[in-house]
Amino acid sequence: MHPYDSTKPPMLAIVLGYAGLIPFISGALGFLIVPVGWRPLVLNALLDYAAIILAFMGAIHWGLAMRAEESEENARTQMGLSVIPPLLGWLAIADGMPLIVALPVLLLAFAGLYVADVRAVNLGLAPRWYTTLRTPLTGVVSLCLALAWIGEVID
């Protein structure tokens, strides 16, 4: 069986993917437990990390598109879509963006990225296991960003 056909992610991908959740979880929990004066620092760190991950994930789609045939329309579309997550991440951390707006922008960016992940798998650009890995990771990231957003709204 070719690795692209398996629905089970490689162990290294699982370990690294879940390790990448540590800053999201610590950021969301940190926001809830640190003294009020420290909250902006924790939130900014969470937003910065989210923007970095969006850039990283966008680059994955760029790479997947580069592996496909140059003339393949779906691959060119995927490459075009790959620049949207980092742009939204940059927008969310741009100076002056209110946190109350930045957090939903990041949530929407991760939701859109998940749609692109599923699309890449369905087009055969990404291995079948990619959705199996991305689904729980995206769920935890979204939950963490939503908790931080709710905390910011209530605060």
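If you put +1 on each Lys and Arg Cβ and -1 on each Asp and Glu Cβ, how big is the dipole of the chain around its Cα centre, in Debye rounded to 20?
Dipole size: approximately 300 debye.
In Å, what Kirkwood hydrodynamic radius results for the chain from the alpha-carbon pair distances?
16.2 Å
Quick one: angle between helix 129-154 and the longest Cα principal axis of the chain, in degrees between 0 and 90, rounded to 10, please.
That helix lies at roughly 20 degrees to the long axis.
Let's test the formula: R0 of 30 Å, r as the Cβ-Cβ distance of ILE14 and ASP155. What FRET efficiency results, to the nearest 0.05?
Once the sixth-power term is evaluated, E becomes 0.30.
Can you sort LEU64, LEU32, LEU99 so the residue with the fewest Cβ neighbours within 10 Å comes first?
By the 10 Å Cβ count, ascending: LEU32, LEU99, LEU64.
Taking 0.36 nm per residue of separation and subtracting the Cα-Cα distance, what length does fully extending GLU73 through ARG119 add?
15.2 nm
If one takes the longest principal axis of the Cα atoms in the chain, at what angle in degrees, from 0 to 90 and to the nearest 10, does the Cα axis of helix 84-93 lie?
10 degrees
If I fit a long axis through the Cα atoms of helix 39-67 and take the longest principal axis of the Cα atoms of the chain, what angle between them do I get, 0 to 90°, rounded to 10?
Around 10 degrees separate the two axes.
Only helical DSSP H runs with n ≥ 4 go in: add -39500 (n - 2.57) per run for the chain, normalise by residue count and round the 222 nm mean residue ellipticity to 500 deg cm²/dmol.
About -25500 deg cm²/dmol.
Values quoted throughout were computed directly from the atomic coordinates according to the rules given, and no laboratory measurement underlies them. Just so we're clear, the structure is a prediction, and the values are computed from it rather than from any experiment. Note: ideal-geometry Cβ built from the backbone for every residue, glycine included; neighbour counts use all protein chains shown.
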